[in-house]
Amino acid sequence: MVQMQISQRNKMHKEPNDQNYLLIDTGSDLVWWQCGPCEANKCYKQNQPLYDSTTSKTFRKVDCYRRGSDCMTIDPAFHCDLGSFECIYDVEYQDRSITKGFIADDVITFVLDQRPIRVTFGCSKNQLTGEKNFSASASGIVGLGHDAFSVAGYSLPSQFGANLMSMCLPSFYSGKGSILSFHISKLPRATSAKLLPNYRYPSFYFVNLYKVFINDREVQVNPSWWNFKQDMMGGIFVDTGTTFTYFPHDFYVIFRYIFRAEVRDIPMVENPVGPFDTCYKEDPIGRDLYFPAVKLYFGSVNSSTMLFLAQKRVVVNYRGLYCLAFIGWNRDQSVLGMYQLQGVGLTFDTSENTLSFDIDACD
């Protein structure tokens, strides 16, 4: 779980008393957390104390009648309720999980730098009507999407007026929180990709993937595979809110075939588990197993444009099996997910339209 810690001031205490973890998500542009008091069967059980707006001395609802532009986005998930003057949202994520509530703001202290700041967020009242529930380890989501064409600017970088955003994503099973900063980056920015605007999906960070190799074997497709089509479909974007990397099924079949061919002396199981279709048995005497590396090249094929993925970023240990941590699906777009980016420092520079990857910068 990739998380960020926040705290909120309470009417009854001079010091921050509630600390919560939020999922960092570059694939969405709303900051929200569960907002008590909750009605029965509307909030999921979370591991941290529930934020209760009625106990906060700095909580404010956004009045969308008086401040109408705050609720005017190109996203139909938001609308102004002229009865309550609340900016209502009903957001559905890619995995069919749903959050519903209204827009508010409060003074939040970010634990890393202890700097209080007023943040506009979704006061989420109903998270249990979707096909999938949220994890108890996080009380909400920090939307870090580009938010380039939204009037409201609800994403965190938009609220901070930040063209530069950097983060360190911890290892998948480390249990550590992530590091997130705006305006500055201490990362070396070794491998860089270009950020590509997509007017159909303006908040997504699409990148200029050019070629994919497994070890030294190219996954043969025309480089135009990664370009947008006329309707701006296709391409690949970086989404820390998606666990694994997804490829369109046609490409994934080729990718999987080469990966299997490159695996040496490790038996593949006939009945894979979970969402995976390529899984291998653990060594019976506990020896380390070595799997092919995946190389992603952005713009051209050279060392300065290569994101090198090996071992823990290529396979996941799942129910006693090692499974290829890439998944095929029936969509035109590809998603570079969080599992492949664990331990990778990321620097998003929207003024220069670059995204830099720094392997092993975080652990």
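Is it the case that G274 is touching a strand residue (DSSP E or B) at 6+ places or on another chain (Cβ under 7 Å) and at positive phi?
For G274, the condition - touching a strand residue (DSSP E or B) at 6+ places or on another chain (Cβ under 7 Å) and at positive phi - is met.
Per-residue answers, yes or no, for (1) in contact (Cβ under 8 Å) with a residue 40 or more places away in the chain; (2) open to solvent by less than 10 Å² (accessible area, probe 1.4 Å); (3) closer than 30 Å to F182 by Cβ:
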site	(1), (2), (3)
G320	no, no, no
I327	yes, no, no
Q333	yes, no, yes
T347	yes, yes, yes
E352	no, no, yes
L355	yes, yes, yes
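Close Cβ contacts (under 7 Å, 6 or more residues apart or on different chains) running from residues in segment 33-46 that are surrounded by fewer than 15 Cβ atoms within 10 Å (Cβ to Cβ) to residues that are assigned to a loop (DSSP other than H, G, I, E, B) comprise N41/L128; K45/A136.
Any idea which residue in segment 235-274 is most open to solvent (accessible area, probe 1.4 Å), counting only those that are among the hydroxyl-bearing types (S, T, Y) and at pLDDT 95 or above? Write out each step before concluding.
Step one: filter segment 235-274 for residues among the hydroxyl-bearing types (S, T, Y), giving 240, 242-243, 245-246, 252, 257.
In the following step, the residues that additionally are at pLDDT 95 or above were identified as 245-246, 252, 257.
Numbers: T245: 2, Y246: 53, Y252: 6, Y257: 155 Å².
Ranking the qualifying residues of segment 235-274, first place goes to Y257.
When restricted to residues that are at pLDDT 90 or above, more than 20 Å from F204 (Cβ to Cβ) and out of contact with any Asp or Glu (no Cβ under 8 Å at 6 or more places or on another chain), segment 108-125 contains 2. Remark: L321 falls outside the filter, which requires a residue to be of a type outside the set (K, R) and modelled with pLDDT of 95 or more.
Could you tell me which residue of segment 53-96 is nearest to R200 (Cα to Cα), considering only residues that are at pLDDT 85 or above and open to solvent by 90 Å² or more (accessible area, probe 1.4 Å)? The residue in question is E92. For segment 243-275, a residue qualifies if it is assigned to a strand (DSSP E or B) and closer than 30 Å to T26 by Cβ, and the qualifying residues are T245, Y246, F247, P248.
If only one of L169, L196, L187 is at pLDDT 90 or above, closer than 17 Å to F357 by Cβ and buried (at least 18 other Cβ atoms within 10 Å of the Cβ), which one is it? Show your work before the answer.
Details: L169 fails: at pLDDT 90 or above; L187 fails: at pLDDT 90 or above.
L196 is the lone residue from the list that is at pLDDT 90 or above, closer than 17 Å to F357 by Cβ and buried (at least 18 other Cβ atoms within 10 Å of the Cβ).
Can we say D277 is touching a residue at least 12 places away in the same chain (Cβ under 8 Å) and surrounded by 20 or more Cβ atoms within 10 Å (Cβ to Cβ)? Against the criterion (touching a residue at least 12 places away in the same chain (Cβ under 8 Å) and surrounded by 20 or more Cβ atoms within 10 Å (Cβ to Cβ)), D277 does not qualify. Scanning segment 281-313 for residues that are surrounded by fewer than 17 Cβ atoms within 10 Å (Cβ to Cβ), in contact (Cβ under 8 Å) with a residue 40 or more places away in the chain and not in a strand (DSSP E or B) returns E282, A293, G299, S300, V301, S304.
The values are calculated or read from the model by the stated rules, or taken from the named source; none is laboratory data. Predicted model, so just to flag it, every value in this text is computed and none were measured. Don't worry about glycine lacking a Cβ; one is built from the backbone with ideal geometry, like all the others, and counts go over all protein chains shown. Keep in mind that these areas ignore ligands, DNA and RNA; they rest on the heavy atoms of the full protein, side chains included. Shrake-Rupley method; radii C 1.70, N 1.55, O 1.52, S 1.80 Å.
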